[in-house]
Amino acid sequence: MYAIVEIAGQQFKVQAPQKLKVHRLELEEGKHVELGNVLLVSNGGKTSVGTPMVDGFRIAAKVLTHSKGDKVLIGKKKRRKGYQKVNGHRQYLTELWIEAILAKGEKFDASKSTAPPVIPYTPAVKKTRETAEAAPVKKVAAKKAPAKKAPAKKAAAKKAAPKKDDKK
């Protein structure tokens, strides 16, 4: 069973256990949400097309995380003018876990959710003087003495250049 649903102005094909990245939604991480803008539902051989929405169908989803997409670089250039410019952009995204496609009268039990656990983001701890002093000191192994080198060979003596007489 699959459905075509409109989320944040875009249309997506969704199935029951699926991860989906959409434009940022103003919802908290870990919340369950029902999406009502279902445009088409197909259950094997039976397909229901809405005009514009299919009545009674909803999509049960869970908000997993909010993140940013990959960086997209946009370059502009004008030939023979020496003009070049590069701009970058990262889209804000929300990751949804599609749990079920619900028909009229069906209810979704959030306690039986198959969604992966939400792992909250924890930023790295900056080292400060207090944390550095409290941290245990690691022992460093002593360095080995370098191996003895062979005695250097003496270079051959240079021959003196012949003297030129300036008398004529």
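The values are calculated or read from the model by the stated rules, or taken from the named source; none is laboratory data. Predicted model, so just to flag it, every value in this text is computed and none were measured. Positions of Cβ are backbone-derived with ideal geometry, glycine not excepted, and every protein chain shown enters the neighbour counts.
Only one residue in K168, K78 is modelled with pLDDT under 75 and over 30 Å from M1 (Cβ atoms). Which one?
Answer to the check: K168.
Could you grab me the full set of residues in the stretch 9-29 that are in a loop (DSSP other than H, G, I, E, B) and either of a type outside the set (G, A, S) or farther than 22 Å from V41 by Cα (or both)?
P17, R24, L25, E26, L27, E28, E29
Given T47, T65, which one is touching a Leu at 6+ places or on another chain (Cβ under 9 Å), farther than 26 Å from K104 by Cα and assigned to a strand (DSSP E or B)?
T65
Here are K154, K107, K126: which of them is basic (K, R), at pLDDT 75 or above and within 34 Å of the chain's Cα centre (by Cα)?
K107
Could you tell me whether Y92 is exposed (fewer than 13 other Cβ atoms within 10 Å of the Cβ) and in contact (Cβ under 8 Å) with a residue 60 or more places away in the chain?
Yes: the conditions hold for Y92.
Being surrounded by 10 or more Cβ atoms within 10 Å (Cβ to Cβ), of a type outside the set (A, V, I, L, M) and over 24 Å from K19 (Cα atoms) is true for just one of K62, K77, K46. Which residue is that?
Just a single option satisfies the conditions, and that option is K77.
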